[in-house]
Every structure is written in C-alpha cells, then in structure tokens.
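To keep things clear, I will list the structure first and then write my remarks on it.
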Amino acid sequence: MIDAINVKVGPQFYRYSEGALDLIPELFEEFDVKRVMVIHGTVSWDKAQPYLTALSNHSSVVHYERYSGECSYNEGNRISTLVKEHNIDFIVGVGGGKLADVVLYASHLANVQFGVVPTLASNCAAWTPLSVMYKDNGLAEGKTEHVKRQAAFLLMDPRLAIDSPIEYFIAGIADTLAKWYESDMILEQDSFSKEPFPMMARHAAKMCKDVILEEASKAIEDMNNGTVTAEFIHVSEIIVAVAGLVGGLGDKYARNTAAHAMHDAISAYLPEVHKYLHGEKVAYGIFYQLALEEKWEVIDELLPLYQELSLPMSLTQMGVYPMADETLTDIISLVNGKQKVHLLPMEINETVLTKALVELEEYLNNKEVI
C-alpha cells in the first residue's frame with residue numbers, strides 16, 4: 001500500500017475540435033461569469049482573435065491584459081492585483097505554456113476560476129495544476145508551484161494549433177515522451193501493481209510513448225503541410241491532455257523525475273541554454289535519465305528519432321560542456337535536491353548523478369552522433 005496521492009484529473013470541461021471556442025458564452029453562463037480578464041501574449045493573440053469572436057457575444061465585462069512573457073512570481077502577483085482591482089471573477093488565458101502557468105498561479109492568488117485556450121500544442125501546462133516558475137529574465141527559479149485548483153475549461157481548435165510554430169510542436173513531442181521514461185522505473189515496481197490510479201497513470205504514460213513513436217513523424221509532416229489530419233489531432237491531444245493526465249492520476253509517482261529535474265538545473269545555471277525550448281531541454285533530460293538508469297540500449301533506440309527531429313542529445317551538442325566544476329556542482333546539487341528524483345528505486349546521490357552526466361557526454365561523443 002502506498003502513501004495517499006492527490007488525484008487531479010483535469011479541467012472540468014475539455015473540448016478539442018473546430019469551433020470549440022464558440023462554446024465560451026455557454027461556459028460563461030455555466031460558471032456565472034460577470035467580469036472576465038483575458039490574459040494573452042502577442043503573436044499568438046493575433047492568430048487567436050479570429051477564433052474568439054464569441055467572447056463579445058456575452059454580457060460579461062471583458063478586460064484584456066498582455067502578460068510579460070514569463071511565468072514569474074512578480075508577473076503572477078501583478079495579474080492577481082489587477083484581477084482584484086477590476087473585481088474580476090474569471091480569468092481566461094490565451095497562449096502557450098508559460099501563459100497557462102501564470103494564469104493558474106494568478107487565479108490561485110486571487111481565488112478566482114479560470115479557463116485556458118492553448119494556441120499551440122507544446123506541453124501539458126494548460127491541463128496540469130502546477131506552475132513552473134521562472135525569473136523575470138527567463139532563467140528558471142528551480143521551483144514549481146502546486147495548487148489544488150484546475151481549469152474550469154480547456155478549449156482548443158486544431159485550426160489554430162496547426163498554424164503555430166512547428167518547433168514548439170516538436171518540443172512538445174519530446175516533453176510528452178518524457179512522461180513514460182520518467183515514470184517507468186517507479187511504476188513498474190510491484191508495490192504499484194494493484195494501485196488503481198498509479199496504474200491508470202502508467203497506461204496513460206505508455207499511450208504517450210506509443211502514439212508518439214508511431215504517429216509523430218506523420219503529424220509533423222501534416223503540420224508542415226498545414227493539413228489537420230487524424231495523426232495531427234492524436235499527437236497534439238496526447239501532448240496537451242493525455243500527458244497532463246499522467247501526473248494528474250499518478251501524482252508524485254508519475255510526474256517529474258530526473259529528466260525535468262535536469263531541465264530545471266541547466267535552465268537555472270546555464271544562461272546559454274535559454275534559447276532552447278522547454279521540451280528541447282527535457283529531450284536532453286530524457287537521455288540523462290536513461291544514462292542514470294544505465295539504459296544505454298534505449299538511448300540507442302531513440303537516437304534515430306532525436307536525429308530526425310533535431311532534438312538536443314547532450315550538453316556538448318548544446319555548447320555548454322565541458323563546464324566549470326563550480327557550475328557542474330550547482331547543477332547536480334539542484335537535481336539532487338529534487339524530492340521526486342529520490343523516488344527512483346536506485347541509489348541517488350551527487351556522485352551517482354555526476355557520473356551519469358559525464359558518462360552520457362562520453363557515450364554520445366564516442367558514437368560520433370553529435
């Protein structure tokens with residue numbers, strides 16, 4: 001029997017289809033929305049507006065606010081203050097992952113409900129009840145804020161998603177692939193074999209891996225062609241929704257372990273990697289986790305996909321290795337300080353973590369794949 005887990009299944013209402021955003025007035029009625037604040041970005045907002053005409057077809061008072069581009073504590077507090085000043089009772093976030101995260105955090109601070117309209121399929125931020133925090137300058141805080149609330153609704157239109165930057169979609173594929181590799185060693189243990197929600201999380205994680213390995217190449221091709229196909233729908237829905245279910249059903253046992261911990265660490269201490277998207281850094285993190293688990297054959301199996309999608313495989317490839325001993329120590333210390341990394345059924349300490357990082361660089365350099 002395992003410790004009690006917090007099950008946070010997902011938004012109260014979810015719809016992914018053409019015309020889904022036309023449901024906003026009906027949902028506002030359902031949640032008795034009187035005064036709404038729409039938090040948005042820049043380029044994504046320009047593309048989203050033609051799909052949001054229904055926003056004006058409701059009697060609620062609408063305020064529009066552009067966010068800073070970062071999910072930071074300062075930005076969350078700024079939005080929360082505006083919500084209180086304007087007596088807002090509902091927030092709608094329109095944009096990508098960082099925007100979804102800051103809307104969740106601000107709604108938590110202001111104690112109001114919120115809905116999310118993702119403009120691209122790059123991660124499961126719109127689904128999950130957590131916010132990955134960054135500094136105002138874009139460097140990672142190395143912290144994640146977990147809350148009990150989730151979105152009142154999540155609406156997506158594939159016509160909007162397919163018109164987004166393809167590099168974000170590819171990064172989302174990598175981020176979603178991590179769901180399986182980060183939870184595999186934990187949930188394969190006998191102690192979880194009869195636990196209903198962790199096993200549901202494991203099935204969802206396996207679905208993430210299987211669908212991506214089978215359909216990702218076709219989905220990317222279709223996105224390049226601007227054609228909404230079954231494969232594009234499947235993969236983008238896996239990225240946004242099913243990936244979010246993994247952690248929602250399995251809690252700490254199926255959420256982030258070494259791959260995301262390494263993402264946080266290099267994001268915090270290596271400004272040079274800020275140019276890489278979240279999912280691209282997680283892609284490296286998957287290889288790091290597999291090196292930690294000494295699953296070199298799995299790395300070999302994934303190499304063709306990484307090369308096809310131009311995903312970063314090592315710190316050498318990202319141009320930040322070798323590095324100063326002090327920086328390496330800081331990175332490993334942050335990874336070691338993550339509680340969920342220690343859920344892996346193996347010895348975890350700074351020596352083991354450092355060894356995995358160094359051996360991964362040597363392994364890939366010797367294979368001459370980077």
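The values are calculated or read from the model by the stated rules, or taken from the named source; none is laboratory data. Keep in mind it's a predicted model, so treat the numbers as computed, not measured. Heads up, the Cβs are rebuilt from the backbone with ideal geometry, glycines too, and the neighbour counts pull from every protein chain shown. We work out accessible area using only protein heavy atoms, side chains counted, and drop any ligands, DNA or RNA first. Shrake-Rupley method; radii C 1.70, N 1.55, O 1.52, S 1.80 Å.
In summary, strands (runs of 3 or more DSSP E) completely within the range 1-67 and bearing 2 or more residues that are without any contact (Cβ under 8 Å) to a residue 60 or more places away in the chain and touching a Gly at 6+ places or on another chain (Cβ under 9 Å) occur at 35-40. If you filter the range 349-370 down to residues that are of a type in the set (A, V, I, L, M, F, W, C) and in contact (Cβ under 8 Å) with a residue 40 or more places away in the chain, you find that the one that is nearest to Lys252 (Cα to Cα) is Leu353.
For the range 252-280, the set of residues classified as in a helix (DSSP H, G or I) and open to solvent by less than 10 Å² (accessible area, probe 1.4 Å) consists of Ala254, Ala258, Ala259, Ala261, Met262, His263, Ala265, Ile266, Ser267, Val273, Gly279, listed by residue number.
Could you say whether any residue in the range 286-294 is assigned to a helix (DSSP H, G or I), in contact with a strand residue (DSSP E or B) (Cβ under 6 Å, 6 or more places away or on another chain), open to solvent by less than 10 Å² (accessible area, probe 1.4 Å) and outside the structural domain of Lys135 (by the TED database)? Write out each step before concluding.
In the first step, residues of the range 286-294 are kept if they are assigned to a helix (DSSP H, G or I); the result is 286-292.
So of that shortlist, the ones also in contact with a strand residue (DSSP E or B) (Cβ under 6 Å, 6 or more places away or on another chain) come out as none.
No - not one qualifying residue is present in the range 286-294.
Residues of the range 187-218 that are of a type in the set (Lys, Arg) and surrounded by fewer than 15 Cβ atoms within 10 Å (Cβ to Cβ): Lys194 alone.
Considering each residue of the range 242-251 in turn, none proves to be assigned to a loop (DSSP other than H, G, I, E, B), touching a Lys or Arg at 6+ places or on another chain (Cβ under 9 Å), β-branched (Val, Ile, Thr) and open to solvent by less than 60 Å² (accessible area, probe 1.4 Å). In the range 8-32, the residue that is most open to solvent (accessible area, probe 1.4 Å) out of those that are at pLDDT 95 or above and among the aliphatic types (A, V, I, L, M) is Leu23. Among all residues of the range 268-282, there is at least one that is within 11 Å of Tyr181 (Cβ to Cβ) and not assigned by the TED database to the domain that holds Lys135.
Going by the conditions given, is Gln307 in contact (Cβ under 8 Å) with a residue 12 or more places away in the chain, assigned to a helix (DSSP H, G or I) and open to solvent by less than 80 Å² (accessible area, probe 1.4 Å)?
No, not satisfied.
Would you confirm whether or not the range 60-74 contains a residue that is surrounded by fewer than 21 Cβ atoms within 10 Å (Cβ to Cβ) and of a type in the set (A, V, I, L, M)? Among the residues of the range 60-74, at least one is surrounded by fewer than 21 Cβ atoms within 10 Å (Cβ to Cβ) and of a type in the set (A, V, I, L, M), which makes the answer yes.
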